[in-house]
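Since the structure comes first, as structure tokens, the remarks are kept for the end.
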Amino acid sequence: MKRKGIEVSKAIAEAAKLARVEVVSAYPITPQTHIVEHLAELVANGELEAVYLNVESEHSALSACVGAAATGARTFTSTSAQGLELMHEILFITSSLRLPVVMVLVNRALSAPLSIWCDHSDVMAARDCGWIMLFCENGQEAVDSLIMAYRIAEDKRVLLPVIVNVDGFTLSHVIEPIEFPEQDEVDRFLPPYEALFKLDPERPVTFGAYGMPEIYTEAKYAQEMALVSSKKVIKEVMEEFGKRFGREYKVVETYNMENSKVAFVSCGSINENIKTAIDLLKKDGLDVGLISLRLFRPFPSEEFLESLKNVKRLIVVERSMPQGATNTPIFNEICALIFTRKLDLTVENYIAGLGGRDVLPQEFLELVVNPPEKDHGREYKVLGVRG
Amino acid sequence: MAKKMEEYKWQDLNAGCVIDEPGNSLQYKTGEWRILRPLTDYSKCTKCGLCWLFCPDNAMRPKEDGFFASHPDYCKGCGICAQECKFEAIKMVEDKK
């Protein structure tokens, strides 16, 4: 295991190389750019034996991945914000054709106003497109998640695309000490992709046939069952990764939950600031926990409920606007679970860190000690909004 | 299709609804949709084959004598053959089944 200081974007490209991707199809967009630039270098220098497709848009980038994956190739793409929304149509095609494309989504706020900075409005606008979705708190997790993503996606019990969410700039553009597994270790963990069905003139098949009303419902239910059932495989892969590489991941991770009656729920890099706030509160004798959603789709309901333990108050922090919904997406799902399972919990909804605005540990600390009033008759509070 | 569409359970479907029996569209008889059918005036027909080229269901097929005729199982009566015929040899007429 080699450990070196490297920009996280470059580390992600190196992880794609370790995964031996065969087709890279991407269109550059800030803050994803360094990932695809470095992959282009690796291919041009002959260090990575892959086809690098220069395409004219993100719609084409993902479409080319769909075509390549349908021939049985291991494919990689990466984008951010508006790029993901331009892919939107093909996101659904990829998952419903059950093609194990892996995408690193470098999370960035959606325009307008134009912003290149981080929030989760991009992924949340595409959350129900049938992809498996993972979140990362730091660069090491991004590297490990990318390698795991291929193993999950290509499992014959799964065969679904995966988005690995990596916060723009906060993660993508920082230099971190990263431990890279050796190539032979990755090869043993991640054997070459063998498609169940592929486009092959020797054995013709049809991808994307028409679905009449008599069959469409069954087709979508089969897809949904594959996505829901993928959680078992995701957990297996995370456990095996831990055994082989020494860093074990869980679909829902917790921090200081043992004696906590109050807990945060969030995902992404913001969790590291929440942990700092939790450490500060612990020094004052106050136990507050964190429930970190590493897996967002399929939603890990049972694991989330198990993580609650003795919690009576949940503080849900999300990085996107509800866009007219009653609350933010993760909050709504948690509330649905709490209601249907008849749990006795209070749940608060906070929106923070939009368009790259920093949220410091002190602000999380304040949420615990002096929860602010909701404003303008809404069912949530936007932290730090002026006026 | 080994069986009728209505008889498939969700568990029976291939991942991604991939069709791995090439040519099984022959089992799907689109002729049932037809209201009009093409009627060819063979005195005007030059055997150019445009109707055969343009037919979206491959229902217009060459006969042994070189002329073309639509297959009743697959012709859904769309009228593209009549539209494309440069010699006005094909007319769409009511299909009295």
ask   = Please report, for the Cα atoms of chain A, the Rg to one decimal and the Dmax as a whole number; what are they, in angstrom?
value = 20.7, 70
request  = Could you pull the Cα extents of region A:253-382 along its three principal axes, largest to smallest, in whole Å?
outcome  = 39, 32, 25
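Net charge around A:Glu22, counting only other residues with Cβ within less than 11 Å of its Cβ (Lys, Arg = +1; Asp, Glu = -1)?
For residues surrounding A:Glu22, the net value is +1.
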key: Theoretical gain in end-to-end length, A:Arg3 to A:Glu236 [0.36 nm per residue, Cα-Cα removed]   = 81.3 nm
inquiry  = Only four residue types carry charge here, +1 at the Cβ of Lys and Arg and -1 at the Cβ of Asp and Glu. Report the dipole size of chain A about the Cα centre in Debye, rounded to the nearest 20.
reply    = 700
ask   = For region A:1-103, what are the per-bin percents of Cα-Cα distances with bins 5 Å wide, up to the bin holding the maximum?
value = 3, 14, 25, 24, 19, 10, 4, 1
query = Running Debye on region A:240-295 with equal point scatterers at the Cα sites and no solvent, what base-10 log of I(q)/I(0) appears at q = 0.21 Å⁻¹?
reply = -0.78
Hydrodynamic radius (Kirkwood) for region B:29-94, which is based on Cα pairs only, to one decimal in Å = 11.5
task = Once you've got the GNM for chain A with C-alpha springs shorter than 10 Å, pick whichever of A:Ile274, A:Ile351, A:Ile338 has the biggest mean-square fluctuation.
result = A:Ile338
ask   = Of A:Lys10/A:Lys282; A:Lys275/A:Lys381; B:Lys4/B:Lys47, which ones are farther than 28 Å apart at the Cα?
value = A:Lys10/A:Lys282; B:Lys4/B:Lys47
key: Dipole of chain A [Lys/Arg +1, Asp/Glu -1 at C-beta], most positive-end residue of A:Gln183, A:Val317, A:Thr170   = A:Val317
key: Test item: B:7-15 mean partner chain Cβ contacts at 10 Å   = 6
request  = Please state the charge dipole magnitude for region A:253-382, taken about the Cα centre, from unit charges on C-beta atoms (+1 on K and R, -1 on D and E), reported in debye and rounded to the nearest 20.
outcome  = 180
task = Treat the count of other C-beta atoms within 10 Å as a stand-in for reagent exposure and order A:His34, A:His59 from fewest to most.
result = A:His59, A:His34
inquiry  = Using just the Cα positions, wrap region A:167-295 in a convex hull and report its mean projected area in square nanometres, one decimal place.
reply    = 13.7
note = Taking r as the C-beta separation of A:Leu114 and A:Asp375 and R0 as 30 Å, the FRET efficiency to the nearest 0.05 is 0.70
request  = State the extension gain, in nm to one decimal, for the chain segment bounded by A:Phe92 and A:Thr340, taking 0.36 nm per residue of separation less the distance between their alpha-carbons.
outcome  = 86.4 nm
Listed residues A:Thr340, A:Thr276, A:Thr170, most fluctuating in chain A (Gaussian network, C-alpha, under 10 Å) = A:Thr340
remark   = Calculated from DSSP helices alone, with each H run of at least 4 adding -39500 (n - 2.57) and the total divided by the residues of the protein assembly as shown, [θ]222 nm to the nearest 500 comes to -10500 deg cm²/dmol
ask   = What is the helix-to-structure angle for A:8-18, meaning the angle in degrees between its Cα long axis and the longest Cα principal axis of chain A, kept from 0 to 90 and rounded to the nearest 10?
value = 40
task = Might you report the magnitude of the Cβ-based charge dipole of region A:52-189 about its Cα centre, with Lys and Arg at +1 and Asp and Glu at -1, to the nearest 20 debye?
result = 520
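Using the count of nearby Cβ atoms within 10 Å as a rough guide to exposure, how do A:Leu367, A:Leu62 rank from fewest to most?
A:Leu367, A:Leu62
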request  = Go through A:Pro192, A:Asn349, A:Thr77 and say which Cα lies farthest out towards the positive end of the charge dipole of chain A; charges sit on Cβ, +1 for Lys and Arg, -1 for Asp and Glu.
outcome  = A:Asn349
ask   = For chain B, modelled as a Gaussian network with Cα springs under 10 Å, which listed residue fluctuates most, B:Asn58, B:Asn24, B:Asn14?
value = B:Asn14
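Only bridges whose two residues both fall in region A:253-382 count here: according to DSSP, what percent of them are antiparallel, nearest 5?
If I count the DSSP bridges inside region A:253-382, around 15 percent turn out antiparallel.
Bear in mind that the values in this text are calculations on the coordinates, not laboratory data. Everything numeric here is computed off the predicted structure, so don't read it as measured data. All Cβ positions, even for glycine, are placed from backbone atoms using ideal geometry, and neighbour counts span all protein chains on display.
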